[in-house]
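Quick note: the coordinates plus some simple rules give every number you see, no bench work behind them. Model, not experiment: these values are computed from the prediction. Cβ coordinates were reconstructed from backbone atoms using ideal geometry, including for glycine residues, and neighbour counts include every protein chain displayed.
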Amino acid sequence: MFERFTTDARNTVTGAVTEARRAGAATVTEEHLLLSLLELGALDRLGVDRAGLAADLAAARRRGGMSRADEEALAGLGIDLTEIVSRIEEAHGEGALAAPAPRRRTLRGSLRSALGRAEPDDRAGNHHVPFTQGSKKVLEQSLRIALGRKDNHIGTLHLLLALLSRPGTVSEVLTDHGITYATAETTLAA
């Protein structure tokens, strides 16, 4: 599948890994793919406010990644998500729900520790950061979209359309900024 990726699409995927490492995340998520698209300027033709979009993603992360639909569902049960977030932040500090999950300790790391050997210096970011199921689904969906459009390649347009086709926080934030599947397809495919 990756042989079909354009240089920009490959840069988006590697950029997503970089975004995850920069954030200290244990995995590469759909959000990292979107942030990488933003960083590469793939959404500039859509007139995206990069800072505003990044701020809205951070706000969603602060809510623990809950989408507006999740928040409305909880409200229907009488649960106020804003109140829960503020109580958690009172007890554990601001952004407690947004903090990345700690990196899992590997068997190799455990053995090195037991033998009294220091972990190798990883400031260069050489550790493997796996993709979440959701981000893998985005990559698979980008292939399906490319095939459906009868394109011979997978480009940043296909990655963006795949992000927009999946329910969740990323597509919700994009839609809030006026980027829908239809607008992305007509503006970027031209």
With 0.36 nm assigned to each residue of separation and the Cα-Cα distance removed, Arg10 to Thr186 gains 61.1 nm
So, relative contact order of region 127-190 in percent, Cα under 8 Å, 6 or more apart, is 26
So, for the Cα atoms of region 1-75, Rg and Dmax in Å stand at 14.1, 45
Leu74 and Glu3 label points (each 7 Å along its Cα→Cβ direction) are spaced in nm at 4.6
Any residue on another chain or 5+ positions along whose placed amide H is under 5 Å from the amide H of Phe131 is listed here as Val28
Going residue by residue through region 149-166, the Karplus relation 6.51 cos²θ - 1.76 cosθ + 1.60 with θ = phi - 60° gives ³J(HN,Hα) values, rounded to whole Hz and with x marking Gly or Pro, of 8, 6, 8, 7, 9, 10, x, 5, 4, 5, 5, 5, 4, 5, 4, 6, 7, 9
The distance between the Cα centres of region 135-167 and region 36-64, in whole Å, is 19
